[in-house]
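The values are calculated or read from the model by the stated rules, or taken from the named source; none is laboratory data. All of these numbers come straight from a predicted model, not from anything done at the bench. Please note: Cβ atoms are built from the backbone with ideal geometry, for glycine as well, and neighbour counts cover all protein chains shown. Please note that ligands, DNA and RNA were not included when accessible areas were found on the heavy atoms of the full protein model with its side chains. Shrake-Rupley method; radii C 1.70, N 1.55, O 1.52, S 1.80 Å.
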Amino acid sequence: MEPEGVIAVLRGDDPGQVESAARAVSAGGVRFVEVTFTVPGAEEVIGRLSGLEAVVGAGTVTDLRQAERALAAGARFLVCPACLPEIADRARKAGVPCLLGAMTPTEVLAAWNAGANQVKVFPAGRLGGPRYMRDLAGPFPRIRLSPSGGIAIDDLPGYRLPNVASVGMGSELAPPGARDQEIAERAGRAVAAMRGSGPAPG
């Protein structure tokens, strides 16, 4: 299933805390959880989350060996922070969606042409946020974007745009040291803000 709405991008040094955060964001209504390969034993965490209601994928996949490990663990989508066509090709052969990373218009087009289902635009907050997504829609109206990085819950209504398929959120959903109840509450607010109704503001 291709990611849509809010993607919880989970990082951290403690695999147990990442797993707990994944369960909390899922309880809060987030439907897509990305466990990054910066987490120690990321594939084991992905495997333990296989029964989660949310769709669990692997993030920060930077080579084919990581892609293979993620897929073997049951990852249902792959996210690469750069434009690596071989990652998109492996995901396509496995029948799972792939997001490739980009920042500039040239990189966005290259990632799309490489076979990405969506192009992860990072760091979206520092690049201009929703305004930059609108600018990219000019030359690339059919490219599906997934902005990530520096996006707060209150920013989400601005990303309800035709060319934005999903939005990645990390510490805004699961701040370091936050309890599961707080994480679930933040997740619920984010889902509500992203769904909304009517056109995006601004």
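Excluding residue 47 itself, calculate the net charge of residues whose Cβ lies under 13 Å from the Cβ of residue 47, where each Lys or Arg counts +1 and each Asp or Glu counts -1.
0
Can you give me the % of accessible surface on the chain that is carbon or sulfur? Probe 1.4 Å, all protein chains present, nothing else counted.
50
Once amide H atoms are placed 1.01 Å from N in the peptide plane, what residues at a sequence separation of 5 or more from residue 9, or on another chain, have their amide H within under 5 Å of its amide H?
Amide H neighbours of residue 9, under 5 Å, 5+ apart: 34, 169, 170.
Below 15 angstrom from the Cβ of residue 19, what's the summed charge of the other residues (Lys, Arg +1; Asp, Glu -1)?
Values: positive: 11, 23, 48, 179; negative: 13, 14, 34, 43, 44, 53, 180.
The answer is -3.
Can you give the calculated 222 nm mean residue ellipticity of the chain, where each DSSP H run of n ≥ 4 adds -39,500 (n - 2.57) and the sum is split over every residue, rounded to the nearest 500 deg cm²/dmol?
The per-residue figure over the chain is -11000 deg cm²/dmol.
Starting at the first residue of segment 150-162, write each ³J(HN,Hα) from the Karplus equation 6.51 cos²θ - 1.76 cosθ + 1.60 with θ = phi - 60°, in whole Hz, x for Gly and Pro.
Once θ is set to phi - 60°, the couplings for segment 150-162 become x, 9, 8, 4, 5, 7, 4, x, x, 8, 7, 10, x Hz.
Based on the alpha-carbon gyration tensor of the chain and its eigenvalue square roots a ≥ b ≥ c, which shape applies: rounded if a/c is under 1.5, prolate if not and a/b is larger than b/c, or oblate? Before the final figure, lay out the partial values.
Numbers: a/c = 1.86, a/b = 1.09, b/c = 1.70.
Verdict is oblate for the chain.
Distance between Cα centroids, segment 90-119 to segment 130-174: provide it in whole Å.
16
With a 1.4 Å probe and all protein chains left in place, how much accessible area per residue does the chain have, in Å²?
Working: 9120 Å² over 202 residues.
Counting only protein heavy atoms, the per-residue value for the chain is 45 Å².
Tell me, which longest segment in the chain has none of the trypsin sites (Lys or Arg not before Pro) that fall in DSSP loops with at most 15 further Cβ atoms within 10 Å?
Counting only loop sites that pass the neighbour cut-off, the longest clear stretch is 1-141.
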